[in-house]
Amino acid sequence: MKITFVGAGYVGLVSGACLSDFGHEVTCIDTNPEKIELLSRGKSPIYEPGLEPLLQKGIGLKRLSFTTDWNQAIPEADVVFIAVGTPSSRRGDGYADLSYVYSAARTLAPLLKGYTVVVNKSTVPVGTAREVSRIIKEVNPSTDIDVASNPEFLREGAAIYDFTHPDRIVIGADSERAQEKLKEVYRPLYLANTPFVATNPETAELTKYASNAFLATKISFVNEMANLCEAVGAHVGDLVHGLGLDKRIGPKFLHPGPGYGGSCFPKDTLSLVRIAQEHGAPTRIVETVVEVNNAQKARMVRKIRQALGGNESGKTLAVLGLTFKPETDDLREAPAFSILPPLMEKGLRIRAHDPVGMIEAKRLLPEIFYCGNPYEACEEADAVCLMTEWNQYRALDLERVKSKMRQPIFIDLRNVYTPEIMKQAGFYYVSIGKKDVMTLLESQWPQKKEKRGSL
Ligand code: UGA
């Protein structure tokens, strides 16, 4: 089958590469000629484990190609996926900006030949599939198309695995013909008994938002529980264990942290809130999730400030990890970029390390001193803050970390370490959801003079 992706971004690239591996002939269009040139040489513009070998395999087998030329890629296609960006609108009102989606629809419309299924792969508000269909038919009234919604549920950092081992495939299309075509696209998954949800475009569009909003709700819920644990002297790790063992709840997406970030949850929760308000059916739970997440980031600022004795001016913080999660170079809505600036404004100096995110971080926050490894970041630091749980920070040589620092304060915003390990290593340890840690270890802390209040 001939498949074209419009947009060689995260979703377009991963899906295109995986579908070429399923045996389809895939072409990816992008407007950026440098990106296309890079991709044609089998080089990935994004950091995603496993993607580059898959690109090279597809190119080598002549099943995967890249172009800026719509004329070359659209007319032959049986299925055209629109996988362009849908960022939050520049107006700052939370609505998704659909200009790239609509512009793609207008550009491809006159080039379509024969029956084609046009599929919205990007996360788009309810009603977008119908609007894309309207636009295409307006530009090219004689065209034979169906427009479907087929949302993607892959996670950055695990995208290839998620694409090839999905929990479900959701196909939103009104016609049987389009449903069948899309089943054919995913034939290997269909044969492997992956559940398929066949529905209308509106339901598919909303399923994507509902999934992300529900996951974001789990995170905000557990972050509030962690804060309550701190207040009442409970341990969030044990609480999550006890909670997650209930099969109706499950253990996943219950890791407390500095608040969710990335290119999806913050944007999609806001967008769902707006869609719901617009339709007179407000999603009050999701509205609160957004607020709780913002509050969690603000709370992290206070946590760091208090660990530093209530005054950050003139002090140095070593930050380990800047990306919104490990195994990605993506810094979009990364908690670090909400948490660090208010502290820097008050005179805190930052030395940071990240395995892959530093090139882009330098552009966004040039005031930070970027270091070649985590130990260099800890030099003369008054505290170290583990912001993103990259594997290389899970087994730090704590003696070496301590020997570099001015004072041994370890702020662990991902609960990678335990109070016991840190006590043994002689650190004053601040984490999430464990109230007694500060007082428990106070005796070991060398600079007890400064006062610490509660959050
Ligand atoms: C998310 C969804 O997990 C995917 O299913 C979806 O396809 C994708 O958005 C999308 O809409 O395209 P992603 O943003 O790559 O994927 O990352 P996640 O692994 O979901 O993490 C999102 C944020 O939540 C990160 O900041 C992470 O640190 C945080 N998180 C996650 C927690 O704080 N606790 C958890 O238990 C899990």
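The values are calculated or read from the model by the stated rules, or taken from the named source; none is laboratory data. In this text the structure is predicted, and so the values were computed from the model without any measurement. Here the Cβ positions follow ideal geometry from the backbone for every residue, glycine too, while neighbour counts run over all protein chains shown. Note: accessible area is taken over every heavy atom of the protein model, side chains too, but ligands, DNA and RNA are not part of it. Shrake-Rupley method; radii C 1.70, N 1.55, O 1.52, S 1.80 Å.
Relative to the longest principal axis of the Cα atoms of the chain, the long axis of helix 128-139 lies at roughly 40 degrees. If only the Cβ of Lys and Arg carry +1 and only the Cβ of Asp and Glu carry -1, the dipole of segment 200-455 around its Cα centre is close to 580 debye. In the chain, the longest principal axis of the Cα atoms and the axis of helix 336-345 are about 50 degrees apart.
Toward the positive end of the charge dipole of the chain, with +1 on the Cβ of Lys and Arg and -1 on the Cβ of Asp and Glu, the farthest Cα among PRO45, ILE368, VAL384 is that of VAL384.
Backbone geometry of segment 273-290 corresponds, through the Karplus equation with coefficients 6.51, -1.76 and 1.60 at θ = phi - 60°, to 3J(HN,Hα) couplings of 4, 5, 4, 5, 5, 4, 8, x, 10, x, 9, 5, 5, 5, 4, 6, 4, 4 Hz, x marking Gly and Pro.
State whether segment 169-210 is rounded, prolate or oblate according to the following rule on the C-alpha gyration tensor (a ≥ b ≥ c being the square roots of its eigenvalues): a/c under 1.5 gives rounded; otherwise a/b larger than b/c gives prolate, and the remaining case gives oblate. Judged from the Cα gyration tensor, segment 169-210 comes out oblate (a/c at least 1.5, b/c at or above a/b). Dividing the convex hull volume of the alpha-carbon atoms in segment 200-455 by its residue count gives 140 Å³ per residue. Here the accessible area of the chain is 52 percent carbon and sulfur, with a 1.4 angstrom probe and all protein chains present. Put a dot 7 Å past the Cα of ALA198, heading toward its Cβ, do the same for ASP97, and the two dots end up 3.8 nm apart. Ranking GLN296, HIS24, ILE275 by how far each Cα lies toward the positive end of the dipole of the chain (charges on Cβ) leaves GLN296 at the top.
Backbone amide hydrogens, once placed in the peptide plane, bring ALA318 within less than 5 Å of ARG351, ASP382, ALA383, VAL384, CYS385, excluding anything fewer than 5 places away on its chain. Ordering ASN200, GLY426, PHE337 by the projection of their Cα atoms onto the charge dipole of the chain, which places +1 on the Cβ of Lys and Arg and -1 on the Cβ of Asp and Glu, puts GLY426 at the extreme positive end. Taking a ≥ b ≥ c as the square roots of the Cα gyration tensor eigenvalues, with a/c under 1.5 meaning rounded and otherwise prolate when a/b beats b/c, else oblate, which class fits segment 194-247? Verdict is oblate for segment 194-247.
Of LEU191, LEU340, the order by accessible heavy-atom surface (1.4 Å probe, DNA, RNA and ligands excluded), from most exposed downward, is LEU191, LEU340. For segment 200-455, the solvent-accessible area with a 1.4 angstrom probe is 45 square angstrom per residue.
Taking every Cα-Cα distance in the chain and sorting them into 20 Å bins starting at zero, the pair-distance distribution P(r) comes out as 23, 50, 24, 3 percent. You can think of it this way: the chain between PHE253 and THR288 has 10.8 nm of extra reach, that is 0.36 nm per residue less the Cα-Cα gap. Backbone geometry of segment 75-80 corresponds, through the Karplus equation with coefficients 6.51, -1.76 and 1.60 at θ = phi - 60°, to 3J(HN,Hα) couplings of x, 6, 5, 7, 9, 10 Hz, x marking Gly and Pro.
Taking Cα centre as origin and charging only the Cβ of basic (Lys, Arg, +1) and acidic (Asp, Glu, -1) residues, the dipole magnitude of the chain rounds to 980 debye.
Adding -39500 (n - 2.57) for every DSSP H run of four residues or longer, then dividing by how many residues the chain holds, sets the calculated 222 nm ellipticity at -13000 deg cm²/dmol.
What whole-number distance in Å separates the alpha-carbon centres of segment 153-168 and segment 282-305? Using only Cα atoms to place each centre, the spacing works out to 27 Å. Annotation: average projected area of segment 136-216 is 6.5 square nanometres, based on the convex hull of Cα atoms across all directions. Classify segment 8-142 as rounded, prolate or oblate from the Cα gyration tensor: take a ≥ b ≥ c as the square roots of its eigenvalues, call it rounded if a/c is under 1.5, otherwise prolate when a/b beats b/c and oblate if not. Oblate is the answer for segment 8-142, as a/c is 1.5 or above yet b/c matches or exceeds a/b. In order along segment 317-333, phi translates into HN-Hα couplings of 10, 8, 10, 9, x, 10, 5, 6, 6, x, 6, 8, 9, 7, 10, 4, 6 Hz, rounded to whole numbers, per the Karplus curve 6.51 cos²θ - 1.76 cosθ + 1.60 with θ = phi - 60° and x for Gly and Pro.
Whole Å is fine, so just give me how far the alpha carbon centre of segment 363-435 lies from that of segment 48-121. Cα centres, segment 363-435 to segment 48-121: 42 Å.
Accessible area per residue (1.4 Å probe, heavy atoms of protein chains only) ranks VAL290, VAL401 as VAL290, VAL401, with the largest value leading. For PHE81, the residues whose modelled amide H falls within less than 5 Å of its own, excluding neighbours fewer than 5 places apart on the same chain, are THR4, PHE5, VAL6, VAL119. How high is the FRET efficiency between ARG177 and ALA295 when r is their beta carbon distance and R₀ equals 51 Å, given to the nearest 0.05? Once the sixth-power term is evaluated, E becomes 0.60. Charge dipole of segment 206-305 (Cα centre as origin; +1 on each Lys and Arg Cβ, -1 on each Asp and Glu Cβ, all else neutral): 200 debye, rounded to the nearest 20.
With all protein chains in place and ligands, DNA and RNA left out, the 1.4 Å accessible area ranks LYS297, LYS137 as LYS137, LYS297, largest first.
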